[in-house]
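The values are calculated or read from the model by the stated rules, or taken from the named source; none is laboratory data. If you're wondering where the values come from, they're calculated on a predicted model, not measured in any experiment. Glycine also receives a Cβ, built like all others from the backbone with ideal geometry; neighbour counts cover every protein chain displayed.
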C-alpha cells in the first residue's frame, strides 16, 4: 500500500476519467520469458523507450469495467468474465500476447479490494476500471510484438453525463467511417477510437453530442460515439422489434451491456429482439411512418444512454414515445443498475472476495 | 550535448530501427498555452500519465525521413518539406494540434546536426528520422486533445533488408483490410499499422514476406506491407504503363518516394504513368497474358523494394522481366540514391545547414 495517498475530491466533482486512485496493476511480458509477476504499484507515470510500438503503431487494446459497492459494503463487478474474454480476443487481433483471463481477473479483484475506499457509494457513482495492454517493443520496425505491458487503472466516476439520465442527440456521419469488414471494429483496439474524435467535432457542429457511424453505400448503422445502439421500432408489418446491428460483419463491438440488453429483451419477450444489418434508410423510413418508438445507446460508461433525436442530411428525426418511466430503456436501466449495485440478486453480479492471492506469476 | 553518450555498434551490425542516437527532440503542447519551447534532450524513457490518450485511443501519427552524408561531409535530407506537410495533414485528421512545418524542420535540422556523427557513411546506410506526435491528454474520456507531444528520434540504419536489393514475394490478403474510404489510409496514423501485424504472419505462412492489401469485393489493390506499390505492365492494347493506386479514394498513403517515382517516370517518359483504382483481377489478367513486366514497392525505409512474385489464392504469379540493371526499378533506385547521397545534383536533396537557431518557441 502506498505511503503517499493521492488527492481525492467530493463525489459531486467527479467527472469521467480524470481522477486516478492510489494503485495500479502492472504486468510485463517479453517474448523470451513470458509474463512476469503481476505488481500492484503506486499510480504514477509510465516510462517507455521512445521507440515503443504503442507510440508509433497503435499496438494497443483495452477494456472498460465498473466496480460498485452494494448495501452490505461488498464490492461487485458486472459480468467481468465477458470483459476478460473480449480482452483476449482484442489482444489476439492486435498480435499482442495471450494471457489467462481468470488469473488477470483475480489480479484485478485484488487491486479493486486494495483501492475499494475510493469507490463512491452513491447510486449512479462507481469506480471505472481500465485494463489496457500495449506493445512496448523498443524498435522502429513494424514487427511481431517482443515486449508488452498490461496496466489496470482505477478511476472513481460520477454519472457519465453530469446531468444524469438525460437524452442526447446523434448526427449521422457518412464521411468518417469508424469500422468496416476486415478491420478491427469488433475488438476494442485504440485505433478504432482516435480517428473518431474528428467526427465528434462535426457532430457538435450539427447540434448533436455524438456521431452515429455508418458505412458502405447502404449506410449500414454501426455505433453511436463509443456506444452500441438500439432502436425500438414497429416494422412495416406493425410488429414491435428491438433492433441492433448484428455482430456478423465484424464492424460492431460485442458490448457487455449490449449483450445484456439483448438477453433481457429476449427474456422479457415484450417485442422481437433482432440483430441484423441495418441500412439507415430503414430507420429513416420507420421515422417517417412514426414507427421509431425509442432509441438508446449502451456501454459500460453510460450503461444506457437515451437518444431523443438523429440528425441526417440536415433534418432531425425523433422517436415518438414520450420520455417516462414506462419506457423499455428506463426499465432496462433500472434492472441493470439494480443488478450492478446488488439490489437485485442475479448471476451477472460478481462479488469481489475481500482477499485474493495474486503474487503468483501469471 | 549529453555527457553520457549511448553505445554504438559497427555499421554492419545495424538492423532497422534498433539503435537510438544520443539525442532526441521533444516539444510539448497544451490547449491553454500552445506549443512550449523545443528541447533537444539526451535520449531516454518517455514518462506519461497512465491515462494518456496515446496508450488507449491511438491518438498518434508519425513520419519517416532519412539523413545522408554526402562526399563533402554535408548532411542531406530528401524532400523534407513533403514530410512536414504530410505530418500536419495526419495530425489534423487525428485531431492533434497543428504546428509550423518550417519551424519543425529547423528543429529537426539542429537535432540531425548535433547527432551527425551517428550517420553511417557507407552507401545503403543512413540515419532514419522518426518524427511522431501523440496525445498525452491525461484522462480516460475520449475527448478533444488537451495535451500532446512531438518527439523526433534518430536511428542509424543499414539497408532495410540485410541482404540488400533482393526481391521479395507478396501474398494478397483479402481477409484483413488495411484501409477503406472514410478511414485513415491516406495519413500516417499508428492505427493503420498495428492491425496489419497479424497479416504479416499470414503472409509468412504463405511463403511471402509481406501482404498485398486489397479492399472491397473488387479487391482494389492498396499497399504492400508498409510500402506503396507499382506495377510496370503492358495493358490489353499493348501499351506499356507504370501503374499505382490512385490517391482519390483516401485509402493510399501519399508516399514521398511514391510521388518521386511518379514524377521521374513522367519525366523519363518511357511508358505511360497512371494513377488509378486497380482491381486485383486486372493485375491477375496481365500476369496471365505475360504482361506484368516489373513490380516494386516504395517507401522511405526501403526506397525501392523489388517484388518478384505475388501469391493469390494459393497460386504464385511472377513478373516476366529478368532481374538486371536495365530494369526500370533499378534505374529509379540508382537515380534516387544518387540524389539522396548528393552524387546527383537535384533540388529534391536538401543540405542541412551546419548550425540552425532552434531555441525559439514554435
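Does residue B:165 satisfy the criteria of being closer than 25 Å to residue B:254 by Cβ, in contact with a strand residue (DSSP E or B) (Cβ under 9 Å, 6 or more places away or on another chain) and either modelled with pLDDT of 95 or more or within 11 Å of another protein chain (Cβ to nearest Cβ) (or both)?
Working: closer than 25 Å to residue B:254 by Cβ: yes; in contact with a strand residue (DSSP E or B) (Cβ under 9 Å, 6 or more places away or on another chain): yes; either modelled with pLDDT of 95 or more or within 11 Å of another protein chain (Cβ to nearest Cβ) (or both): no.
Taking the combined requirement at face value, the residue does not satisfy it.
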Exactly one condition in (1) in a loop (DSSP other than H, G, I, E, B); (2) without any contact (Cβ under 8 Å) to a residue 60 or more places away in the chain is not met by residue A:99; state its number.
(2)
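Out of curiosity, is residue A:204 within 12 Å of chain B (Cβ to nearest Cβ), surrounded by fewer than 23 Cβ atoms within 10 Å (Cβ to Cβ), over 30 Å from residue B:301 (Cβ atoms) and out of contact with any helix residue (DSSP H, G or I) (no Cβ under 7 Å at 6 or more places or on another chain)? Spell out the reasoning first.
Working: within 12 Å of chain B (Cβ to nearest Cβ): yes; surrounded by fewer than 23 Cβ atoms within 10 Å (Cβ to Cβ): yes; over 30 Å from residue B:301 (Cβ atoms): yes; out of contact with any helix residue (DSSP H, G or I) (no Cβ under 7 Å at 6 or more places or on another chain): yes.
In short, yes.
Across the stretch A:246-267, what is the number of residues that are without any contact (Cβ under 8 Å) to a residue 40 or more places away in the chain, surrounded by 14 or more Cβ atoms within 10 Å (Cβ to Cβ) and either more than 24 Å from the chain's Cα centre (by Cα) or outside any helix (DSSP H, G or I) (or both)? Show your work before the answer.
As a first pass, look at the stretch A:246-267 and keep what is without any contact (Cβ under 8 Å) to a residue 40 or more places away in the chain: A:246, A:248, A:262-263, A:266-267.
Of the ones still in play, those that are also surrounded by 14 or more Cβ atoms within 10 Å (Cβ to Cβ) are A:246, A:262.
Pick out the ones that are also either more than 24 Å from the chain's Cα centre (by Cα) or outside any helix (DSSP H, G or I) (or both) and you get A:246.
Result for the stretch A:246-267: 1.
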For the stretch A:279-362, list the strands (runs of 3 or more DSSP E) that sit wholly inside it and hold at least 2 residues that are surrounded by 20 or more Cβ atoms within 10 Å (Cβ to Cβ); which are they?
A:292-299, A:303-312
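Restricting to the stretch A:36-47, name every residue that is in a loop (DSSP other than H, G, I, E, B) and either at pLDDT below 95 or away from every other protein chain (no Cβ under 13 Å) (or both).
We begin by selecting, within the stretch A:36-47, every residue in a loop (DSSP other than H, G, I, E, B); these are A:36-38, A:43-45.
Answer for the stretch A:36-47, where residues must be in a loop (DSSP other than H, G, I, E, B) and either at pLDDT below 95 or away from every other protein chain (no Cβ under 13 Å) (or both): A:36, A:37, A:38.
Taking into account only those residues within the stretch B:137-148 that are crowded, with 22+ Cβ neighbours inside 10 Å, out of contact with any helix residue (DSSP H, G or I) (no Cβ under 6 Å at 6 or more places or on another chain) and within 11 Å of another protein chain (Cβ to nearest Cβ), which is nearest to residue B:60 (Cα to Cα)?
Initial filter on the stretch B:137-148 (crowded, with 22+ Cβ neighbours inside 10 Å): B:137, B:140, B:145, B:148.
If we keep only those that are out of contact with any helix residue (DSSP H, G or I) (no Cβ under 6 Å at 6 or more places or on another chain) too, we end up with B:140, B:145, B:148.
From what's left, within 11 Å of another protein chain (Cβ to nearest Cβ): B:140, B:145.
Numbers: B:140: 16, B:145: 11 Å.
Across the stretch B:137-148, the extreme among qualifying residues is B:145.
Can you say whether residue B:171 is away from chain A (no Cβ under 12 Å), closer than 30 Å to residue B:7 by Cα and at pLDDT 95 or above, as far as the supplied structure shows?
On the way: away from chain A (no Cβ under 12 Å): yes; closer than 30 Å to residue B:7 by Cα: no; at pLDDT 95 or above: yes.
So residue B:171 does not fit the description; no.
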Scanning the stretch B:346-361 for residues that are touching a strand residue (DSSP E or B) at 6+ places or on another chain (Cβ under 8 Å) and at pLDDT 95 or above gives B:348, B:349, B:350, B:351, B:352
Check the stretch A:94-116 and report whether any residue there is at pLDDT below 95, more than 14 Å from chain B (Cβ to nearest Cβ) and out of contact with any strand residue (DSSP E or B) (no Cβ under 9 Å at 6 or more places or on another chain).
no
Only residues that are closer than 16 Å to residue A:251 by Cα and more than 8 Å from every other protein chain (Cβ to nearest Cβ): list them for the stretch B:175-194, please.
B:178, B:179
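Hey, can you tell me all the residues within the stretch B:54-90 that are touching a residue at least 24 places away in the same chain (Cβ under 8 Å), part of a helix (DSSP H, G or I) and over 16 Å from the mean Cα position of the chain (by Cα)? Break it down into steps so the answer makes sense when it comes.
Here is the first cut: in the stretch B:54-90, the ones touching a residue at least 24 places away in the same chain (Cβ under 8 Å) are B:54, B:56-72, B:74-83, B:86-87, B:89-90.
Narrowing further to those that are part of a helix (DSSP H, G or I): B:54, B:56, B:80-83, B:86-87, B:89-90.
Those that are touching a residue at least 24 places away in the same chain (Cβ under 8 Å), part of a helix (DSSP H, G or I) and over 16 Å from the mean Cα position of the chain (by Cα): B:54, B:56.
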If we scan the stretch A:212-221, do we find a residue that is within 13 Å of another protein chain (Cβ to nearest Cβ) and under 18 Å from residue A:333 (Cβ atoms)?
no
If you go through the stretch B:103-123, how many residues are closer than 13 Å to residue B:153 by Cβ and touching a helix residue (DSSP H, G or I) at 6+ places or on another chain (Cβ under 7 Å)?
0
Can you tell me which residue in the stretch A:7-35 is farthest from the other protein chains (Cβ to nearest Cβ), limited to those that are assigned to a loop (DSSP other than H, G, I, E, B) and farther than 26 Å from residue A:125 by Cβ?
A:33
Which residue out of B:187, B:152, B:221, B:157 is within 23 Å of residue A:144 (Cβ to Cβ), in contact (Cβ under 8 Å) with a residue 60 or more places away in the chain and touching a strand residue (DSSP E or B) at 6+ places or on another chain (Cβ under 9 Å)?
B:157
The lone condition residue A:154 fails out of (1) within 21 Å of residue B:173 (Cβ to Cβ); (2) within 20 Å of the chain's Cα centre (by Cα); (3) more than 7 Å from every other protein chain (Cβ to nearest Cβ); (4) surrounded by 22 or more Cβ atoms within 10 Å (Cβ to Cβ) is (1)
Extreme residue, farthest from the chain's Cα centre (by Cα), among residues of the stretch B:226-245 that are without any contact (Cβ under 8 Å) to a residue 40 or more places away in the chain and assigned to a strand (DSSP E or B)
B:241
Return a yes/no flag: does the stretch A:43-64 have any residue that is more than 17 Å from residue B:55 (Cβ to Cβ) and surrounded by fewer than 20 Cβ atoms within 10 Å (Cβ to Cβ).
no
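Pick out the one residue from B:299, B:290, B:255 that is assigned by TED's automatic domain parsing to the domain that holds residue B:174 and touching a helix residue (DSSP H, G or I) at 6+ places or on another chain (Cβ under 7 Å).
On the way: B:290 fails: touching a helix residue (DSSP H, G or I) at 6+ places or on another chain (Cβ under 7 Å); B:255 fails: touching a helix residue (DSSP H, G or I) at 6+ places or on another chain (Cβ under 7 Å).
Only one candidate passes the filter, namely B:299.
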